[in-house]
Amino acid sequence: MKEILINFIYISILNNKIYKSYRTVINQTIVELNSESAILALSTLDSIKTNFDISPQEFITYAETDLANDYSHNTINALSNAKRALDCQLDSILILLGYYNLSQKKFWSFPKKVELINDLGIIAPNILRKINKQRNLLEHQFVKPSREDVEDFLDITTLFISSTKIFTLNFPSIMHIHDRNVEKIYILENEYEHSQINIFVYKFKDYLPIYPSQIKETETDLLEKRSFSIIDNDYNQLLKYYLNLIKK
């Protein structure tokens with residue numbers, strides 16, 4: 001019994017040291033990237049690759065078409081398409097963040113998805129408040145909604161998609177951050193298909209302006225590669241840093 005207790009204590013201490021060590025790596029990486037002497041250049045714009053047959057904007061168009069037609073259940077169809085538009089945009093953002101597969105595996109609810117993107121600072125507070133006000137409309141599936149309620153929800157959904165499209169359309173999947181004081185360039189790559197962010201650290205001979213076409217011409221050696229995924233402690237802190245760069 002005593003040996004088991006000692007082993008348990010040893011493993012706990014070891015795991016704690018590993019946790020602190022890895023946490024330090026992520027935090028130290030953010031400190032390096034946030035250096036006052038670091039210069040940011042955005043490159044390699046990309047759009048989220050999904051397996052969705054219909055885009056959020058197409059669902060919005062369907063909802064608008066439903067409302068424009070005068071038939072008995074037009075508000076029901078319009079609301080359904082508006083909901084799909086909102087869900088589709090949320091899932092597209094989760095793909096960018098590397099959380100989509102986990103959300104599907106764990107059957108994340110709508111509030112849990114919203115909670116994550118809110119914690120990461122993606123959704124504006126005023127839009128979040130408006131979405132929360134419409135929760136009753138979303139949760140009551142067997143009540144015919146009024147036209148006014150559907151129009152309000154459609155407006156909110158359109159606003160949400162418009163305000164978050166910078167994270168799904170033409171976003172920088174690769175960023176170049178150069179620190180001339182330490183003569184290093186950090187290449188941040190969002191490998192969202194594998195739910196991870198890679199950071200390549202290169203050593204440069206001389207300080208040069210950073211353009212995508214110049215990277216291979218000016219780099220000497222890859223000093224280090226750091227890869228972080230959603231299973232790592234403090235991964236969301238790195239995500240916040242990355243998302244803030246997108247918003248600049």
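Since every read-out is calculated from the coordinates, none of them should be taken as a lab result. Because the structure is a prediction, the values reported are computed rather than measured. Here the Cβ is made from the backbone with ideal geometry for all residues, glycine too, and neighbour counts use every protein chain on show.
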Could you work out how far apart the two model spin labels at Lys106 and Leu223 are, taking each label as a point 7 Å from the Cα in the direction of the beta carbon, and quote it in nm?
-> 3.5 nm
How much FRET efficiency would the formula 1/(1 + (r/R0)^6) give for Glu64 and Ser37, where r is the Cβ-Cβ distance and R0 is 51 Å, rounded to 0.05?
-> 0.55
Ranked by Cβ crowding within 10 angstrom, fewest neighbours first, how are Ser92, Ser103, Ser43, Ser146 ordered?
-> Ser146, Ser43, Ser103, Ser92
What's the exposure ranking of Thr44, Thr157, going from fewest to most Cβ atoms within 10 Å?
-> Thr44, Thr157
Could you list, in their original order, any pairs among Lys130/Lys248; Lys83/Lys225; Lys112/Lys184; Lys106/Lys133; Lys49/Lys248 whose Cα atoms are separated by more than 30 Å?
-> Lys83/Lys225; Lys112/Lys184
